[in-house]
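Trainee: Supplied in structure tokens, the structure appears directly below.
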Amino acid sequence: MNRERLRQALEFYRDLGIDEIRLAERREAARPAPVETVIAEVKKEPVVELPPLAPAEDTMEAIRADIGDCRRCRLCEQRNKIVFGAGNEQAPLVFVGEGPGADEDAQGLPFVGRAGQLLTQMIEGTSAKEGIPIQRADVYICNVVKCRPPENRTPQPDEMEICGQFLFRQLMAIRPKAICALGSTAAKALLGTKDVVMRLRGQWHKWRDIPVMVTYHPSYLLRPYNQNAKREAWEDLKKVLHYVYD
Ligand code: URA
């Protein structure tokens with residue numbers, strides 16, 4: 001494994017929040033140990049059972065197969081359907097939401113309820129207005145967690161960590177030109193920040209080397225008192241669409 005592959009491997013585990021790997025990474029940075037030594041540390045003392053690294057030629061099919069009839073966290077108990085994601089698997093733009101709601105859980109598809117209809121309008125309305133010829137089907141849409149949290153509660157950190165490995169593999173397999181994080185759960189999963197959307201939105205961040213724009217979740221925009229946020233979300237989307245498709 002060369003240094004670049006090692007760095008990517010360490011980043012992968014760091015993105016999952018596994019601190020012991022961070023320790024190994026820090027040691028590697030402080031004292032340029034032979035790469036084999038660092039790998040040995042990682043292998044010797046895993047604190048949790050590490051998910052397999054995304055294979056070099058990972059595919060959406062393989063990720064879907066690995067999810068299987070997932071029972072890795074409590075969200076499996078009340079779900080009807082796993083919502084893997086939908087859209088163009090070669091898309092240059094991926095939208096990441098929080099987790100399925102009731103409609104998505106029933107249909108097994110992301111963003112098909114009221115928030116989904118607004119998201120479609122946002123994508124198709126903004127692109128039409130900006131002269132960018134894309135439809136919702138041209139982008140890829142998925143969520144941080146693939147099973148509906150009961151009562152639409154916010155996913156818990158362990159649920160995000162477990163399911164996050166599949167989100168990261170999806171993003172690595174698609175390798176989009178940009179990601180749009182919808183709401184604070186997606187921002188937290190991708191950027192590891194607890195900062196509020198209001199402060200994160202409108203500027204570019206990064207997940208690995210991929211630019212990430214954070215904007216408001218469509219459910220938030222559906223609330224009548226958030227009209228100003230609606231205008232801001234449209235601004236954010238304009239930025240994303242021009243960056244990706246110009
Ligand atoms: N909200 C989300 O975050 N994702 C969906 O798929 C639907 C609603």
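Read the figures in this text as sums done on the coordinates, not as results from a lab. These figures come from a predicted structure and were not determined experimentally. Cβ sites come from the backbone with ideal geometry, for glycine too, and all protein chains shown count toward neighbours.
Trainee: Within the set of pairs 6+ apart or on separate chains, which have a first residue in the stretch 135-154 that is within 12 Å of Ala102 (Cβ to Cβ), a second that is in a loop (DSSP other than H, G, I, E, B) and near the ligand (Cβ under 10 Å from one of its atoms), and C-beta atoms under 7 Å apart?
Mentor: So the pair list comes out as Arg148/Gly99; Arg148/Pro100; Arg148/Gly101; Pro149/Gly99; Pro149/Pro155; Asn152/Gly101.
Trainee: While we're here: Part of a helix (DSSP H, G or I) and either touching a Ser or Thr at 6+ places or on another chain (Cβ under 9 Å) or surrounded by fewer than 14 Cβ atoms within 10 Å (Cβ to Cβ) (or both) - does that describe any residue in the stretch 81-91?
Mentor: Looking for residues that are part of a helix (DSSP H, G or I) and either touching a Ser or Thr at 6+ places or on another chain (Cβ under 9 Å) or surrounded by fewer than 14 Cβ atoms within 10 Å (Cβ to Cβ) (or both), one finds none in the stretch 81-91, hence no.
Trainee: Moving on. How about the stretch 197-228: which of its residues are touching a helix residue (DSSP H, G or I) at 6+ places or on another chain (Cβ under 6 Å) and not in a loop (DSSP other than H, G, I, E, B)?
Mentor: The answer is Val197, Leu200, His205, Trp207, Val212, Met213, Val214, Thr215, Pro218, Ser219, Leu221.
Trainee: Take the residues of the stretch 113-143 that are outside any loop (DSSP other than H, G, I, E, B) and of a type in the set (Gly, Ala, Ser): which is farthest from the ligand (Cβ to nearest atom)?
Mentor: Among them, the one singled out is Ala128.
Trainee: Looking at the stretch 179-196, is at least one residue more than 16 Å from the ligand (Cβ to nearest atom), assigned to a strand (DSSP E or B), under 20 Å from Val139 (Cβ atoms) and not acidic (Asp, Glu)?
Mentor: no
Trainee: Can you tell me which residues in the stretch 79-102 are of a type in the set (S, T, N, Q) and more than 16 Å from the ligand (Cβ to nearest atom)?
Mentor: Selection gives Asn88, Gln90.
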